[in-house]
Amino acid sequence: MKDAFLEQEVPLDIYSVTSRDVKNHFVAYLIDRGKSDNTVNGRIKGVKQFFRYLFEEGWMTNNIADELHVVKAEKLMIQTFTREQVSDLLEQPDRKTFTGFRDYTMMMVLLETGMRISELCNLKTGDLFFKEQEIRISKGKGGKARRVPFQQTCAKIVRNYLDIRGDLETDALFVNINNEPISTRALQEKMQAYGKAAGIQGVRVSPHTFRHTMAKFYILNGGDPFTLRRILGHATLDMVEYYVELFSSDIKKQHKKFSPVENMKRII
């Protein structure tokens, strides 16, 4: 569990951690990496035993072990933004400033590609291939490199950001006002601030939620699971198949709205 929190650069105080922290930053971490139900459940059971011991020995005031459940229930916690929430978030950065336009660009890249926060923050200017409309991710999970597509609208925004960024000694794509690579922690804090300003409730505002949201929109727009797996960098289809299962109700709503036969009523 410690490694999961460290990779996401989330502070971990083992004696004050909440069940929500464990769900959002450990269980969701395992699920997103395509771990099997058995593996995730085994980890959850181990964590439950650990926290139950801390509670019984008086090291914790709350027994969060009782609030942690096996993966079949926990998978329902994966949340995504609605289109309206995405729109509200994108309106928050002040695009007249460097940092505002940078943050806007980063959100657009996250939404377009679904890449992980660490992958985004590690991008170099040389990873952009505008002619091919691809972004190279050289530091993916497990050290595996891949290329992800990005289309004209997103590419134009990235080009505009590069013009504002200017020529710097560093080749880091996204930098702070000191021309240093932006950290994952700084980006997470920015996202939370924008979420609060937008009045978004009921969903955790984070780069990872953009990743899940990209997957949802991709599936609802008719994208195939095999291509989505390659774009997101999953080793197996397990997580992508879960996305399809998770958003099945949304798919039904879309089908009801765009059903070929239903829309032929006017001519039948």
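The values are calculated or read from the model by the stated rules, or taken from the named source; none is laboratory data. From a predicted model like this one, the values you see are computed outputs, not experimental measurements. Ideal geometry is used to build each Cβ from the backbone, glycine not excepted, and the neighbour counts take in all protein chains shown.
Could we say that Met106 is surrounded by 19 or more Cβ atoms within 10 Å (Cβ to Cβ), in contact with a strand residue (DSSP E or B) (Cβ under 7 Å, 6 or more places away or on another chain) and among the aliphatic types (A, V, I, L, M) here? Explain how you work it out, then say what you get.
Working: surrounded by 19 or more Cβ atoms within 10 Å (Cβ to Cβ): yes; in contact with a strand residue (DSSP E or B) (Cβ under 7 Å, 6 or more places away or on another chain): no; among the aliphatic types (A, V, I, L, M): yes.
No.
Glu112 - would you say it is of a type outside the set (A, V, I, L, M, F, W, C) and under 22 Å from the mean Cα position of the chain (by Cα)?
Numbers: of a type outside the set (A, V, I, L, M, F, W, C): yes; under 22 Å from the mean Cα position of the chain (by Cα): yes.
Criteria met by Glu112.
What helices (runs of 4 or more DSSP H) completely inside segment 146-243 contain at least 2 residues that are over 17 Å from Arg83 (Cα atoms) and either modelled with pLDDT of 95 or more or in contact with a Ser or Thr (Cβ under 9 Å, 6 or more places away or on another chain) (or both)?
Answer list for segment 146-243: 152-165, 184-198, 225-232.
Quickly run through segment 176-207 and pick out the residues that are in contact with a Lys or Arg (Cβ under 8 Å, 6 or more places away or on another chain) and among the aromatic types (Phe, Trp, Tyr).
Of everything in segment 176-207, nothing turns out to be in contact with a Lys or Arg (Cβ under 8 Å, 6 or more places away or on another chain) and among the aromatic types (Phe, Trp, Tyr).
If you go through segment 123-135, how many residues are in contact (Cβ under 8 Å) with a residue 40 or more places away in the chain and of a type in the set (Asp, Glu)? Show your work before the answer.
Filtering segment 123-135 down to residues in contact (Cβ under 8 Å) with a residue 40 or more places away in the chain leaves 123-128.
Add one more test, that the residue is of a type in the set (Asp, Glu), and what stays is 127.
Residues meeting the conditions: 1.
Let's see how each residue does on (1) in contact (Cβ under 8 Å) with a residue 24 or more places away in the chain; (2) surrounded by fewer than 19 Cβ atoms within 10 Å (Cβ to Cβ); (3) not assigned by TED's automatic domain parsing to the domain that holds Thr236:
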residue	(1), (2), (3)
Asp94	no, yes, no
Gly114	yes, no, no
Cys121	yes, no, no
Ile137	yes, no, no
Val148	yes, no, no
Cys154	yes, yes, no
Ile164	yes, yes, no
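Right, Leu187: more than 28 Å from Val240 (Cα to Cα) and in the same structural domain as Gly114 (by TED's automatic domain parsing) or not? If you could, list the steps in order and put the result at the bottom.
Values: more than 28 Å from Val240 (Cα to Cα): no; in the same structural domain as Gly114 (by TED's automatic domain parsing): yes.
No.
Among Leu89, Leu54, which is out of contact with any helix residue (DSSP H, G or I) (no Cβ under 6 Å at 6 or more places or on another chain), surrounded by 14 or more Cβ atoms within 10 Å (Cβ to Cβ) and at pLDDT 80 or above? Spell out how you get there, then give the answer.
Numbers: Leu89 fails: out of contact with any helix residue (DSSP H, G or I) (no Cβ under 6 Å at 6 or more places or on another chain).
After ruling out the rest, the residue left standing is Leu54.
Within segment 1-35, count every residue that is part of a loop (DSSP other than H, G, I, E, B), among the small types (Gly, Ala, Ser) and modelled with pLDDT under 70. It would help to see each step written out before you state the result.
Step one: list which residues in segment 1-35 are part of a loop (DSSP other than H, G, I, E, B), which gives 1, 8-18, 33-35.
Among the residues that remain, those that are also among the small types (Gly, Ala, Ser) are: 16, 34.
Of the ones still in play, those that are also modelled with pLDDT under 70 are 34.
Residues flagged as part of a loop (DSSP other than H, G, I, E, B), among the small types (Gly, Ala, Ser) and modelled with pLDDT under 70 within segment 1-35 amount to 1.
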